[in-house]
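The next block holds one structure in the form of structure tokens; read it before the comments.
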Amino acid sequence: MPLYLNDEQTMLRDTAKDFVADAAPVSHLRDLRDADDPTGFSRDLWKQFGEMGFTGILIGEDQGGLGLGHVEAGVVLEEIGRNLSPSPFLSTAVAAVEALKGSAQAERWFPGIIAGETVAALAIDERAKHGTGIAMKAERSGNGFKLSGAKRFVGHGHVADLVIVAARTAGSEHDESGITLFAIDKGAAGLSADAERLADSSIAARLTFDGVEVDADAVIGEVDAGADPLNRLLRAGRTGASAELLGVGGGAMDMTVGYLKERKQFGTLIGTFQALQHRAAHLYSEMEVARAAVLKAQQLLDAGDAQADEAVSVAKAMAAMATTLSVNESVQMHGGIGMTDEYDVGFYMKRARVLSELWGDANFHADRLAIAAGY
Amino acid sequence: MTDLDQFRADTRAWLEANCPPEMREPIRSEKDVCWGGRHYDAAANPPQDAWLKAMGERGWTVPDWPKEYGGGGLSPAETKVLREEMRSINARNPLNSFGISMLGPALLKYGSEEQKLEHLPKIARGEIRWCQGYSEPNAGSDLAGLATSAEDAGDHYIVNGQKVWTSYADKADWIFCLVRTDKTTKQGGISFVLFDMETPGVSTKPILLISGYSPFCETFMDNVKVPKKNRIHDENKGWDVAKYLLGHEREMISGMGLGGQGENPLVIGAIATVGLDAQGRLADPLLRAAIAKFEVRTKAFRAQSEKFIDELKAGRAHPAQPSMMKYYGTELNKDRHELIMAAGGSDALEWESERSNTGAAPRAWLRTKANSIEGGTSEIQLNIIAKRILELPS
């Protein structure tokens, strides 16, 4: 398979580009922030995503979805990134869908996701830095389990209809076996959410599970074998976050290159200065390499290739590094105006930081690759 | 089974039968590289020669060239399959050649039918080794400022001047050379000619580099007679050919950023020098972190190379994208060799010892410093990206 978008994927990109730029441009984020919106995104917009069919990209046609893959999901995510559109798309239509796929819960949750009504949150992290540890306990209780512990950095966790949580049913914190993944309904007794606004104006929750009782049928897949759906979730989520990062980094770069072509100093366009041309050209190169790494990971995931896991970490690390460069260079090349709240470029910097951290930053993934390579 | 699956199966079987085991070993030094040409000693390395002959006969030294010019006539998809299958058995490139990577593509685009039939099959079979006469003492980054003159003498030119940084000129059989046929304009006064290095008046002098080796030469032309039929494309249109060829040269150089196939010498070297700790991590955490971050970039660049080649074959690549590839690949290669030196410690400083393979590591490290200079400096590539891809104003 050639490493570029095919005709259908290109058409989808054009559709997504027009739709997202029209329905949720950067001003949409700014409006939500200025209104101190307590949800953090627009439920109407989420419905529109459903009407467009985007919500069902990764869901099979037999279950009412489009039966497409990670390349297509990434095409939509890149436009979300480019417009900084607040959306539960990544957590819900990508990561949660991949976790639920093939499980008994799929039938229950997929229709609401496809309709753009259900919002999912992912309760994975327990520490400020993403890691491999899952310590939160799920103990057998009656016909099901009782969950106790805390999770953090749970995007949309305060408003989600569905919370997917990774807890430990056996073993110790860093064991791969003994993890169980649960699908929990909003409003479960003992589940509380502290909503925290983040630097990029999005809202993530700290969730507390105070003896939350769930039935056995809340288990996704098998008890103690949650690493399997969890890894699917993480692979999809990381790949999706990488695609969104490309949109953020690419959007900032395009704004900046545009600015270099219109801003005058010393009586001439600043884009004529070689010092700035070289910075911009270097940035372009890093973004191109990141773009290739992300597409490679998407294609390998779609093909079910054994190399996909490595490619996902390469994509997440490279997209984070390139986009971090992009937003830094963008503010620098904009000069003083880049530091103002009124100008959009600062929003790109904030979003890049959050996405870089999500499900492992560049250091985490470089370390992960090194371990896999035996050093 | 699709046609492509069948092709893959056939290719795998053929490679299995025809690629000698010695040609599946990693390349340790320049001595292991086959360049072909008149001075090539076929008897010196029989497995290498068998591999060259087998691949040359199939046209698989240049799999995507047309069959009538000595190529394999393969489609882009088949070419990719062949490369994948070669990679999967760690097969060496059977023939390294500026004829393949630089002159060939330019001849295919700009050469006359007669010129193609004369030169391309000999390139494909490794019979003639080519060198490139581009840079001059006063025309480096400003290549179009070249002064080597070609005076019109009826059916031939009389060429006078000097080239510099001519890679392996002392080992090459023929040269493709930029000459000035009009002194009144700059780019518009350049022509692209070919001549035999044994033509009277041609002489070369190797340049000793910081690596202690002499991969480059000065090349002198003193009243060299070059038939006009050896001119590629029209008179004074040589700059078009030169630029086209430079694109291919940059692609080739960018391949350095990919690193080798199979085992990773950087990681193996680091483990050998600093060892692993109880958790199986490299015992020097800062070196480990530097290598790990570098490996992310290397693996990402591999994807970029694959993407670039796919786009190129489909006619979808930006014409200036080779500049990005050249820039990134060469800077990455320099970083790699800095890390190899850091990982090797004092072992990597030995210059002459047998255990160091005559200083292979430090000499290779020093050699890489030219990567971001030859074929257009990194700064020239950034200029091209800025102007042609980002369309920044001049």
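Here, each number is a calculation from the coordinates, and none is a lab measurement. These figures come from a predicted structure and were not determined experimentally. Here the Cβ is made from the backbone with ideal geometry for all residues, glycine too, and neighbour counts use every protein chain on show.
Which values of log₁₀ I(q)/I(0), to two decimal places, follow from the Debye formula for the range B:59-170 at q = 0.09, 0.18, 0.23 Å⁻¹ with a uniform point scatterer at every Cα?
-0.34, -1.01, -1.25
Are there chymotrypsin sites (Phe, Trp or Tyr not before Pro) in the range A:174-280 that DSSP puts in a loop and that have at most 11 other Cβ atoms within 10 Å, and which ones? Walk me through the intermediate numbers first.
Numbers: sites: A:Phe182, A:Phe209, A:Tyr259, A:Phe266, A:Phe273; in loops: A:Phe266, A:Phe273.
Those that pass, being in a loop and sparsely packed, are A:Phe266.
Contact order normalised by length for chain A, with contacts defined as Cα pairs under 8 Å and 6 or more residues apart; what percent is it?
Working: 739 pairs, mean separation 61.0, N = 375.
Relative contact order for chain A comes out at 16 percent.
Charges on Cβ only, +1 for Lys and Arg, -1 for Asp and Glu, centred on the Cα centroid of the range B:3-96; of B:Ala91, B:Gly37, B:Gly70, which one is farthest towards the dipole's positive end?
Of B:Ala91, B:Gly37, B:Gly70, it is B:Gly37.
Points 7 angstrom from Cα along the Cβ direction at A:Gln265 and A:Ala373: gap in nanometres?
3.9 nm
Based on the Cβ-Cβ distance from B:Lys67 to B:Ser149, what FRET efficiency comes out when R0 is 35 Å, to the nearest 0.05?
Result of the calculation: an efficiency of 0.35.
Give me a single rounded figure for B:301-313: the average over its residues of other chain Cβ atoms within 10 Å of their Cβ. Don't skip to the end; give the middle numbers.
Values: counts 7, 5, 16, 11, 3, 5, 10, 4, 2, 5, 4, 0, 1.
Mean number of neighbouring Cβ atoms from other chains: 6.
Eight or more residues apart or on different chains, and alpha-carbon atoms under 14 Å: count the Lys pairs in the range B:130-237 matching that. Intermediate values should be presented prior to the final figure.
Details: B:Lys163/B:Lys205; B:Lys171/B:Lys205; B:Lys183/B:Lys237; B:Lys186/B:Lys237; B:Lys228/B:Lys237.
Eligible lysine pairs with Cα atoms under 14 Å apart amount to 5.
Give me a single rounded figure for A:2-8: the average over its residues of other chain Cβ atoms within 10 Å of their Cβ. Don't jump to the answer; show the numbers that get you there.
Values: counts 11, 9, 7, 1, 0, 0, 0.
Whole-number average of other-chain Cβ neighbours for A:2-8 is 4.
If you place +1 on the Cβ of every Lys and Arg and -1 on the Cβ of every Asp and Glu, how big does the dipole about the Cα centre of the range B:230-323 come out, in debye to the nearest 20? All intermediate terms of the calculation are to be shown ahead of the outcome.
Numbers: 13 positive and 12 negative charges, 43 e Å.
In total the dipole reaches around 200 debye.
Please report, in debye to the nearest 20, how large the charge dipole of the range B:3-96 is about its Cα centre when each Lys and Arg carries +1 at its beta carbon and each Asp and Glu carries -1 there.
On the way: 13 positive and 16 negative charges, 40 e Å.
Once rounded to the nearest 20, the dipole reads 200 debye.
In debye to the nearest 20, how big a dipole does the protein assembly as shown give about its Cα centre with +1 on each Lys and Arg Cβ and -1 on each Asp and Glu Cβ?
Details: 83 positive and 107 negative charges, 343 e Å.
The calculation lands at about 1640 debye.
Ranked by Cβ crowding within 10 angstrom, fewest neighbours first, how are B:Val62, A:Val163, A:Val223 ordered? Spell out each step's value before the answer.
Details: B:Val62 29, A:Val163 26, A:Val223 17.
Arranged by neighbour count, lowest to highest, B:Val62, A:Val163, A:Val223 become A:Val223, A:Val163, B:Val62.
Computed FRET efficiency, Cβ-Cβ of B:Arg87 and A:Thr10, R0 41 Å: what is it to the nearest 0.05? Could the numbers behind the result be given before it?
On the way: r = 29 Å, r/R0 = 0.71.
Result of the calculation: an efficiency of 0.90.
Amide H of B:Val202: which non-local residues (sequence gap of 5 or more, or other chain) have their own amide H closer than 5 Å, using H built in the peptide plane?
When sequence neighbours closer than 5 places are left aside, the close amide H contacts are B:Asp222.
So which lysines pass the test for A:Lys264, namely a Cα distance under 28 Å, with those fewer than 8 places away in the same chain ruled out?
Partners within reach: A:Lys350, B:Lys387.
Short version: ³J(HN,Hα) in whole Hz for each residue of the range A:216-225, in order, from phi by Karplus 6.51 cos²θ - 1.76 cosθ + 1.60 (θ = phi - 60°), x for Gly and Pro, what are they?
Those phi angles translate into 4, 6, 7, 6, 8, x, 9, 4, 6, 10 Hz.
How high is the FRET efficiency from A:Arg127 to A:Ser177, r the C-beta distance, R0 35 Å, rounded to 0.05? Intermediate values should be presented prior to the final figure.
Values: r = 21 Å, r/R0 = 0.59.
Calculated value: 0.95.
Using Cβ contacts closer than 10 Å as the measure, can you line up B:Cys34, B:Cys131 from fewest to most?
Details: B:Cys34 22, B:Cys131 28.
Placing the least packed residue first, the sequence is B:Cys34, B:Cys131.
What ³J(HN,Hα) values, in whole Hz, does the Karplus curve 6.51 cos²θ - 1.76 cosθ + 1.60 give for the range A:64-77 when θ = phi - 60°, with x put for Gly and Pro?
x, x, 8, x, 9, x, 6, 4, 5, 4, x, 4, 5, 5
Mind sorting B:Asp182, A:Asp44 by how few other Cβ atoms lie within 10 Å of their own Cβ, fewest first?
Numbers: B:Asp182 14, A:Asp44 9.
With the sparsest Cβ surroundings first, the list reads A:Asp44, B:Asp182.
Just to check I understand the Karplus step: with θ = phi - 60° and J = 6.51 cos²θ - 1.76 cosθ + 1.60, what whole-Hz values come out for the range A:103-110, glycine and proline as x?
3J(HN,Hα) across the range A:103-110, in whole Hz: 9, 5, 7, 4, 4, 6, 9, 4.
Using alpha carbons only, how many degrees (0 to 90, rounded to 10) separate the axis of helix A:362-372 from the longest principal axis of chain A?
60 degrees
B:Glu118 versus B:Ser203, label points 7 Å from Cα toward the beta carbon: distance in nm?
Going by the 7 Å Cα→Cβ label model, 2.7 nm.
On a 21 Å Cα-Cα criterion, which of the cross-link pairs B:Lys67/B:Lys109; B:Lys67/B:Lys116; A:Lys296/B:Lys67; A:Lys137/A:Lys316; B:Lys80/B:Lys334 come out too long?
Values: B:Lys67/B:Lys109 16 Å; B:Lys67/B:Lys116 12 Å; A:Lys296/B:Lys67 32 Å; A:Lys137/A:Lys316 29 Å; B:Lys80/B:Lys334 27 Å.
Correct reply: A:Lys296/B:Lys67; A:Lys137/A:Lys316; B:Lys80/B:Lys334.
Quick check: pseudo-label points 7 Å beyond the Cα along Cα→Cβ at A:Ala35 and A:Asn231, how many nm apart are they?
4.3 nm
How would the range B:199-277 be classified by its alpha-carbon gyration tensor: rounded, prolate or oblate, with rounded meaning a/c under 1.5 and the a/b versus b/c comparison settling the rest? Could the numbers behind the result be given before it?
Details: a/c = 4.95, a/b = 2.05, b/c = 2.42.
Note, shape of the range B:199-277 comes out oblate.
Using a/c under 1.5 as the rounded threshold, could you call the range A:7-118 rounded, prolate or oblate? The axes a ≥ b ≥ c are square roots of the C-alpha gyration tensor eigenvalues, and prolate needs a/b larger than b/c, oblate otherwise.
Numbers: a/c = 2.30, a/b = 1.35, b/c = 1.71.
Oblate.
Running a GNM on chain B with Cα contacts under 10 Å, which residue among B:Gln279, B:Gln162, B:Gln187 ends up with the highest mean-square fluctuation?
B:Gln279
In the range A:200-286, which GluC sites (Glu not before Pro) fall in coil by DSSP and have 14 or fewer other Cβ atoms within 10 Å? List each step's numbers first, then the result.
Numbers: sites: A:Glu213, A:Glu222, A:Glu244, A:Glu262, A:Glu286; in loops: A:Glu222, A:Glu262.
Passing both the DSSP loop test and the Cβ count: A:Glu222, A:Glu262.
How big is the gap, in Å, between the Cα center of the range B:273-294 and the Cα center of the range A:216-263?
So the separation of the two Cα centres works out to 28 Å.
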